[in-house]
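K.L.:
Here's a structure for you.
Every number in this text was worked out from the coordinates using simple rules, so none of it is lab data. Note that the structure is predicted; figures quoted are calculated from it, not measured. Cβ: placed from backbone, ideal geometry, glycine included. Neighbour counts: every protein chain shown.
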């Protein structure tokens, strides 16, 4: 299973803005043909393409030449390419999100000129356009503000500690998480063996040799008994102290985000996806760990730090969605 994406509110806001850039690209192209054939447009788009679509339409009405809307449509599609590139490359490079914000702000300058002209003659038909445009600028601005922190978190999360990696059975189901123990590294044992001083044996001193042999035998027996006792104590301790506990996560069945799966992570490690109304049971470590959730679309997150313990625990995931940010609320049941 692949490593999970970083789970943070910075990432949620950033990915939400990326989706907006993609929608601007798609709807802007749709508007070029929607204005031509239906004389209507959608507000979630670049204003420059709306101007081009309207220009091509009116030139066609006046001259009857189809070449005009074809040319304006081609120019409009080319003008949308920068938005698409900002969406595409902003996944790995923060600077493209900054470029997307600047591009949309420049596009809004022409919108403001036309808006002021209409307001001066008492026309308020572009009020909804203004509201949507302001919300988009705010969303992109928030993404730029959170983007740097998001990429720093993403870079730090790439090195997942070995202790947080899950253990799977043959069917691919998670059964436990690896728990690190304080064992002596094998390299140190080998070095210690190699550096032990050799005992010099003198043939003429038989009594001394016999005493040394008896002493060595006594030390070996003592070490053997001590080793057996330590091994038995370790086995008893391991048998009495559980290393895992059960975690039950219920996804509340709601209309909000009902068609989107939620990814469940432990210590930034992707474990399983759950659908609307489903429940999942995991074996998790008795040590403290981070429980995270996020929508598979990359927006909307929920995080909680689970305290250490041996008792089973249960949480409920409740999706909540808004225009700019989304979240998943994790409520502890027991």
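K.L.:
Please label the shape of the range 5-158 as rounded, prolate or oblate, based on the square roots a ≥ b ≥ c of the eigenvalues of the alpha-carbon gyration tensor (a/c under 1.5 means rounded; beyond that, a/b larger than b/c means prolate, else oblate). Show your work: numbers first, answer last.
P.N.:
On the way: a/c = 3.15, a/b = 1.88, b/c = 1.67.
The shape class here is prolate.
K.L.:
Here's another thing I want to ask about it. Which ordering of 72, 296, 286 is given by a fewest-first count of other beta-carbon atoms within 10 Å?
P.N.:
296, 286, 72
K.L.:
Could you sort the peptides 81-87, 301-307 by per-residue average Cβ neighbour count (10 Å cutoff), highest mean leading? Provide the component values of the computation, followed by the final result.
P.N.:
Details: 81-87: 19.1, 301-307: 16.9.
Ranking the peptides 81-87, 301-307 by packing returns 81-87, 301-307.
K.L.:
Further, regarding this structure: How many nm is it between the label spots at residue 106 and residue 253, if each spot is 7 Å from the Cα in line with the beta carbon?
P.N.:
5.2 nm
K.L.:
Further question on the same structure: By count of other Cβ within 10 Å, fewest leading, how are 113, 295 ordered? If you can, show how the numbers build up before the last one.
P.N.:
Values: 113 11, 295 21.
Result, fewest neighbours first: 113, 295.
K.L.:
Next up: What does the extension gain come out to for residue 61 and residue 320, with contour length at 0.36 nm per residue minus their alpha carbon separation?
P.N.:
In short, 88.5 nm is gained.
K.L.:
What's the center-to-center distance, using Cα atoms, between the range 14-59 and the range 91-150 in Å?
P.N.:
Here the answer is 14 Å between Cα centres.
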